[in-house]
Every structure is written in structure tokens, then in C-alpha cells.
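Below is one structure, written out as C-alpha cells, with a few remarks after it.
The values are calculated or read from the model by the stated rules, or taken from the named source; none is laboratory data. Computed from a prediction, not measured in an experiment: that's the story for all the values here. Cβ: placed from backbone, ideal geometry, glycine included. Neighbour counts: every protein chain shown. Accessible surface is based on the protein model in full, side chains and every heavy atom, while ligands, DNA and RNA are left aside. Shrake-Rupley method; radii C 1.70, N 1.55, O 1.52, S 1.80 Å.
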Amino acid sequence: MDGNGRWAARRGLPRTAGHQAGQKALRRTIESIHQHGIRHLTVFAFSSENWQRPQVEVSKLMELLKKGLQKHIPELHKNNVRVRFIGRRDHFSQELSSLLVNAEHLTRNNQALNFNVALDYGGQWDICQAVEALKIQFPDQPITPERLQQHLCLQDQPLPDLLIRTGGEQRLSNFLLWQLAYAELIFSQTLWPDFDAADINKALQEFAQRERRFGMVNEQAPATVQIASA
Ligand code: IPE
Ligand code: MG
């Protein structure tokens with residue numbers, strides 16, 4: 001969800017105003033993708049590298065996260081959304097950690113949408129923690145892609161079909177590196193706070209035009225692709 005800072009700067013506002021507007025865009029996006037029948041959504045809210053931002057911005061982001069959880073979790077729960085957080089947990093305050101655990105617990109049986117939020121997440125960290133788990137579980141076995149995948153974050157959900165990056169950047173920035181191996185990538189110029197239903201429609205239309213072969217030839221690949229996740 002990129003472009004909050006630039007959105008604010010263009011309006012002569014502090015970067016925090018962009019993050020606040022970004023939260024509204026997220027609320028809209030959840031609703032819109034749910035209306036499209038998409039059952040899995042993972043957003044990159046805070047990367048492991050984001051800790052290196054100026055201290056005041058990091059504090060504001062944590063504050064906004066706390067308020068966002070307090071405000072939106074009851075509403076998401078009411079809408080049958082299951083919320084989960086992926087990434088490290090050991091750098092957050094006790095208060096924030098409890099909010100994360102409580103949100104996951106409250107929504108654990110919900111089925112309308114799996115909404116995953118990557119917080120203090122890095123794709124390289126994800127792969128390393130899976131390898132560590134494998135070393136303990138199968139110390140004498142070779143590491144295979146199938147075994148490793150079972151220990152990655154989101155292992156109980158389908159691999160993403162579509163990645164949308166906003167804000168005009170064209171890179172993965174250490175997001176779900178393994179899981180995105182065969183995802184279609186769409187780069188949108190829209191700054192995240194402006195991202196809306198029209199941007200989602202445009203991305204889904206573009207996705208529908210893509211021919212997905214998964215390393216095979218045309219004739220073997222499925223004629224139509226079901227959107228399992230975004
Ligand atoms: C994304 O917007 C929000 C977070 C990483 C928390 P940015 O803050 O990266 O916005 P730009 O890239 O400066 O516009
Ligand atoms: Mg950015």
C-alpha cells in the first residue's frame with residue numbers, strides 16, 4: 001500500500017495525514033474485493049525495513065495501527081471477516097501485541113474473507129523461519145519446496161494469484177517472495193489513499209486478460225482462471 005507520503009506532500013500535509021487517508025482506502029478496498037467474491041486479501045502494512053524510518057513516523061504509524069484496530073476490528077468481525085497478522089511479533093508494545101492476539105482470536109471462526117495483514121514482515125524472514133522450523137521437525141530430511149511451503153506464513157491459504165502495488169513503484173520490496181512465485185503483477189500509478197473500486201475493477205480486468213501458464217504451454221494451461229486471492 002504505497003504512496004501515502006506523496007499523497008500528503010502534494011496537499012501540503014504531514015505524512016501522517018497520508019497514512020490516515022490510507023487507512024480509509026484500506027477499508028474501501030476490503031469492501032470492494034469482498035463484493036468481487038475474492039476470499040483472500042493480504043496487505044503489506046509495515047515491513048521489517050520500515051522500522052528504519054524516522055522515529056516520529058514509526059510512532060505515529062504504531063498509534064494509527066492501534067486506533068485502526070480498536071475502531072475496525074469489531075466492524076470486520078460483524079462482517080464475518082477473519083483477520084490474521086503475519087510477521088514478527090517481538091518488536092511491538094505489549095498493548096499492540098494484545099490487540100493483535102485478541103483480533104485473531106475474536107475473528108477466528110469467520111468465513112466471508114481471510115484478511116491478512118503483514119506487520120513487521122519480510123519475505124526473506126518468512127523463508128528463514130520456515131527453514132528453522134523444518135530443521136527442527138525433519139533434522140535428517142532434505143529441504144524440499146513442498147515441505148518448506150508448509151511452514152511459510154499463509155500456508156493454509158491458496159498462493160496469491162494477483163499482486164497489486166500502488167504508488168508507481170515496480171518492485172516487490174521483500175513482500176511474499178516465495179508465495180508470489182506465479183502471481184500476476186500489476187503496478188498501479190494511483191497513490192494508495194486514492195485507490196478505489198475503479199482501480200480494483202481495472203486491475204481485475206487486466207488480470208482476466210493475462211494468460212497464466214505456470215511454466216506449461218498454452219494448450220495445457222487452464223482456459224479460464226478463477227480468482228482465488230489478491
Ligand atoms: C506506504 O506509504 C505506507 C507505509 C509503508 C507504512 P509511504 O509512506 O511509503 O508513502 P510514500 O512512498 O512516501 O509516498
Ligand atoms: Mg513508499
Residue 30, sole failed condition from (1) within 16 Å of ligand 1 (Cβ to nearest atom); (2) part of a helix (DSSP H, G or I); (3) touching a residue at least 40 places away in the same chain (Cβ under 8 Å): (1)
Residue that is farthest from residue 52 (Cα to Cα) [pool: residues in segment 120-139 that are in a helix (DSSP H, G or I), open to solvent by 70 Å² or more (accessible area, probe 1.4 Å) and not aromatic (Phe, Trp, Tyr)]: 137
Given the criterion within 16 Å of ligand 2 (Cβ to nearest atom) and either open to solvent by 60 Å² or more (accessible area, probe 1.4 Å) or in a loop (DSSP other than H, G, I, E, B) (or both), identify the matching residue among 159, 172, 185. 172
Would you check if there is a residue in segment 42-52 being more than 10 Å from ligand 1 (Cβ to nearest atom), open to solvent by 40 Å² or more (accessible area, probe 1.4 Å) and either without any contact (Cβ under 8 Å) to a residue 40 or more places away in the chain or over 21 Å from residue 180 (Cα atoms) (or both)? yes
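Every residue, every condition in (1) basic (Lys, Arg); (2) farther than 30 Å from residue 128 by Cβ, yes or no:
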{"site": "15", "(1), (2)": "yes, yes"}
{"site": "67", "(1), (2)": "yes, yes"}
{"site": "72", "(1), (2)": "no, yes"}
{"site": "90", "(1), (2)": "no, no"}
Complete set of residues in segment 93-107 that are open to solvent by 20 Å² or more (accessible area, probe 1.4 Å) and more than 18 Å from the chain's Cα centre (by Cα): 93, 94, 95, 97, 98, 99, 102, 105, 106
As an exercise: evaluate residue 230 against (1) under 20 Å from residue 1 (Cα atoms); (2) open to solvent by less than 50 Å² (accessible area, probe 1.4 Å); (3) at pLDDT 95 or above and give the number of the one condition it does not meet. (3)
Take the residues of segment 1-27 that are outside any helix (DSSP H, G or I) and more than 14 Å from the chain's Cα centre (by Cα): which is farthest from ligand 2 (Cβ to nearest atom)? 12
Considering only residues that are touching a strand residue (DSSP E or B) at 6+ places or on another chain (Cβ under 6 Å), assigned to a helix (DSSP H, G or I) and away from ligand 2 (no atom under 16 Å from the Cβ), look in segment 33-49 and name the one that is nearest to residue 122 (Cα to Cα). 33
Failed item in (1) assigned to a helix (DSSP H, G or I); (2) within 12 Å of ligand 1 (Cβ to nearest atom); (3) hydrophobic (A, V, I, L, M, F, W, C), with residue 73 passing the rest: (2)
Mind listing whichever residues of segment 81-92 are more than 16 Å from residue 63 (Cβ to Cβ), of a type outside the set (Asp, Glu) and open to solvent by 60 Å² or more (accessible area, probe 1.4 Å)? 82, 88, 89
Taking residue 146 as the residue in question, decide whether it is open to solvent by 70 Å² or more (accessible area, probe 1.4 Å) and not β-branched (Val, Ile, Thr). yes
